[in-house]
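J.: My questions will all concern the structure given below.
The values are calculated or read from the model by the stated rules, or taken from the named source; none is laboratory data. It should be emphasised that the depicted structure is a prediction, and the values quoted were computed from it without experimental measurement. Glycine also receives a Cβ, built like all others from the backbone with ideal geometry; neighbour counts cover every protein chain displayed.
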Amino acid sequence: MRPALVTAGATRNPVDAIRYLSAHATGTTGVRLAAALAARFDTRLLGSAEACLRARLQAPEVEAIEYVGTRDLMAQMERALRARPGGILVHSAAVGDYEMASQTTKIPSGQPELLLRLTPGPKIVDHVRSWDPTVFLVSFKAGSPEWGQDRLEEVARAQLVRTRSDLVFANRIGALDSTCLLLTPSETVGFRSREDALLALLERLAALTPE
């Protein structure tokens with residue numbers, strides 16, 4: 001059976017021993033997609049703690065493996081794709097763009113001001129093709145709330161070209177129920193709701209050969 005890997009939830013990049021940087025992403029979409037793919041593919045999920053808990057409750061047939069920060073997720077994705085090439089990757093996780101040098105102690109509380117020095121983290125999706133050139137890659141792009149459809153399409157298509165994705169699912173942060181886009185190298189299809197776009201994505205994935 002053809003393998004499928006779904007990433008879900010948000011990374012937690014450490015600030016100190018107890019604090020971290022993260023995003024508002026529950027992993028609901030990734031868990032839903034993994035559960036649907038499990039009917040046709042040998043599906044595994046790499047998820048945040050919240051996403052893995054959701055998967056174990058809602059999709060116990062899917063093996064759920066937890067990640068923490070961006071670099072942990074990147075390492076686990078590389079191992080998974082190299083071990084099971086030729087499959088499907090749905091990379092829906094909200095990956096942190098920035099990180100800071102690891103601190104093993106707690107930053108003292110009560111300071112009048114605290115400045116954090118952040119540096120760009122790795123763009124995981126840019127590395128996928130070097131791990132498995134044959135994977136069917138679905139990447140996600142979250143645009144800014146003020147973007148119009150043309151700007152969202154422009155940025156999503158740039159991601160499709162840069163990452164050599166087979167599909168890009170694009171929507172705007174804070175406007176999940178507005179227009180969503182599915183982009184391939186040859187077309188852009190718009191949907192009036194995220195629900196319609198997700199159903200169309202699942203139809204396209206279900207049409208892929210399971211072998």
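J.: Among Ala25, Ala51, which is the only one that is of a type in the set (A, V, I, L, M), in contact with an Asp or Glu (Cβ under 9 Å, 6 or more places away or on another chain) and part of a helix (DSSP H, G or I)?
T.: Working: Ala25 fails: part of a helix (DSSP H, G or I).
The conditions single out Ala51.
J.: Shifting gears a bit: Show the residue pairs that are 6+ apart or on different chains and have beta-carbon atoms under 8 Å apart, the first residue being within region 104-128 and under 30 Å from Phe169 (Cα atoms), the second being of a type in the set (D, E, K, R) and in a loop (DSSP other than H, G, I, E, B).
T.: From residues that are under 30 Å from Phe169 (Cα atoms), the pairs are Pro120/Asp97; Gly121/Asp97.
J.: Moving on to the next point. If you take the residues of region 143-169 that are surrounded by 20 or more Cβ atoms within 10 Å (Cβ to Cβ) and small (Gly, Ala, Ser), which of them is modelled with the lowest pLDDT?
T.: Filtering region 143-169 for residues that are surrounded by 20 or more Cβ atoms within 10 Å (Cβ to Cβ) and small (Gly, Ala, Ser), the one modelled with the lowest pLDDT comes out as Gly143.
J.: Here's another thing I want to ask about it. Does Leu5 satisfy being in contact with a Ser or Thr (Cβ under 7 Å, 6 or more places away or on another chain) and either modelled with pLDDT of 95 or more or in a loop (DSSP other than H, G, I, E, B) (or both)?
T.: Numbers: in contact with a Ser or Thr (Cβ under 7 Å, 6 or more places away or on another chain): no; either modelled with pLDDT of 95 or more or in a loop (DSSP other than H, G, I, E, B) (or both): yes.
In short, no.
J.: Something else now. Which residues, counting only those in region 70-104, are assigned to a loop (DSSP other than H, G, I, E, B) and at pLDDT 95 or above?
T.: First pass over region 70-104, keeping only residues assigned to a loop (DSSP other than H, G, I, E, B): 84-87, 92-93, 95-97, 100-104.
Once the filter is applied, which keeps residues that are assigned to a loop (DSSP other than H, G, I, E, B) and at pLDDT 95 or above, region 70-104 yields Arg84, Pro85, Gly86, Gly87, Ser92, Ala93, Val95.
J.: Out of the residues in region 73-102 meeting the condition of being surrounded by fewer than 17 Cβ atoms within 10 Å (Cβ to Cβ) and touching a Lys or Arg at 6+ places or on another chain (Cβ under 9 Å), tell me which one is nearest to Asp132 (Cα to Cα). Talk me through it step by step, then tell me what you get.
T.: The first filter runs over region 73-102 and keeps only residues surrounded by fewer than 17 Cβ atoms within 10 Å (Cβ to Cβ), leaving 75, 78-79, 82-86, 97-98, 100-102.
Checking which are touching a Lys or Arg at 6+ places or on another chain (Cβ under 9 Å) leaves us with 84, 86, 97, 100-101.
Details: Arg84: 9, Gly86: 7, Asp97: 23, Met100: 29, Ala101: 30 Å.
Applying the filter and picking the extreme gives Gly86.
J.: Scan region 28-41 for residues that are buried (at least 24 other Cβ atoms within 10 Å of the Cβ) and free of Cβ contacts under 8 Å to residues at least 60 places away in the same chain and jot them down.
T.: Val31, Ala34
J.: Can we say Arg44 is among the basic types (Lys, Arg), surrounded by fewer than 17 Cβ atoms within 10 Å (Cβ to Cβ) and either without any contact (Cβ under 8 Å) to a residue 24 or more places away in the chain or not in a helix (DSSP H, G or I) (or both)? I'd like the intermediate steps shown before the answer.
T.: Working: among the basic types (Lys, Arg): yes; surrounded by fewer than 17 Cβ atoms within 10 Å (Cβ to Cβ): no; either without any contact (Cβ under 8 Å) to a residue 24 or more places away in the chain or not in a helix (DSSP H, G or I) (or both): yes.
Spelling it out, it is not the case that Arg44 is among the basic types (Lys, Arg), surrounded by fewer than 17 Cβ atoms within 10 Å (Cβ to Cβ) and either without any contact (Cβ under 8 Å) to a residue 24 or more places away in the chain or not in a helix (DSSP H, G or I) (or both).
J.: Within region 174-200, count every residue that is closer than 28 Å to Trp131 by Cβ and either crowded, with 17+ Cβ neighbours inside 10 Å or under 16 Å from the mean Cα position of the chain (by Cα) (or both).
T.: 6
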